[in-house]
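I have placed the structure first, in the form of structure tokens, so that the comments after it can refer back to it.
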Amino acid sequence: MKEIIFIIEEAPEGGYTARALEADIFTEHNSVQGLKSMIREAVNCHFEEEDKPKIVRLHYIKEETLPMTS
């Protein structure tokens with residue numbers, strides 16, 4: 001596998017979650033830096049050395065609402 005993509009979102013209860021798109025990997029942490037460490041650990045545990053992706057791509061999703069009142 002050349003790369004793996006994770007979707008990063010803010011958790012409603014605080015912190016962040018990461019979900020892989022093409023593998024069954026999910027992790028969470030209170031900070032972005034901590035989440036990155038958890039992602040590395042999860043990828044290392046999930047794949048054998050010869051199958052481990054060379055690149056981990058992070059896609060951040062941030063939801064925002066815009067009030068439509070004047």
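Of the GluC sites (Glu not before Pro) found in region 1-41, the ones in coil according to DSSP and having at most 11 other Cβ atoms within 10 Å of their Cβ are Glu13, Glu22. Applying both filters, DSSP loop and at most 12 other Cβ atoms within 10 Å, to the trypsin sites (Lys or Arg not before Pro) of region 1-66 gives Lys2, Lys54, Lys62. Gain on full extension, evaluated as 0.36 nm per residue between Ile7 and His59 minus their Cα-Cα distance, stands at 18.2 nm. For the chain, the share of DSSP beta bridges that are antiparallel, to the nearest 5, is 55%. For Ile61, the shell of other residues with beta-carbons less than 13 Å away shows a net charge of -2, using +1 for Lys and Arg and -1 for Asp and Glu. Sparsely packed loop sites in the chain (the chymotrypsin sites (Phe, Trp or Tyr not before Pro) outside DSSP H, G, I, E and B with at most 16 other Cβ atoms within 10 Å) comprise Phe47.
Return the label of the correct value of Rg and Dmax of the Cα atoms in Å, as calculated from the structure shown, out of [x] 21.3, 62; [y] 17.8, 52; [z] 14.5, 58. The listed entry that was calculated here is [z].
Charged neighbours of Lys36, selected by a Cβ distance under 14 Å, balance to 0 (K, R count +1; D, E count -1). The 3J(HN,Hα) values that the Karplus relation (6.51, -1.76, 1.60; θ = phi - 60°) gives for region 43-54 are, in residue order, 5, 4, 6, 6, 10, 6, 3, 6, 9, 5, x, 7 Hz. Gly and Pro appear as x. A Förster radius of 22 Å, combined with the Cβ-Cβ distance separating Asp24 from Leu66, puts the computed FRET efficiency at roughly 0.05.
None of the figures in this text is laboratory data; all of them are computed from the coordinates on show. Since the model is a prediction, treat every value here as computed from it, not as a measurement. All Cβ positions, glycine included, derive from the backbone under ideal geometry; neighbour counts span all protein chains shown.
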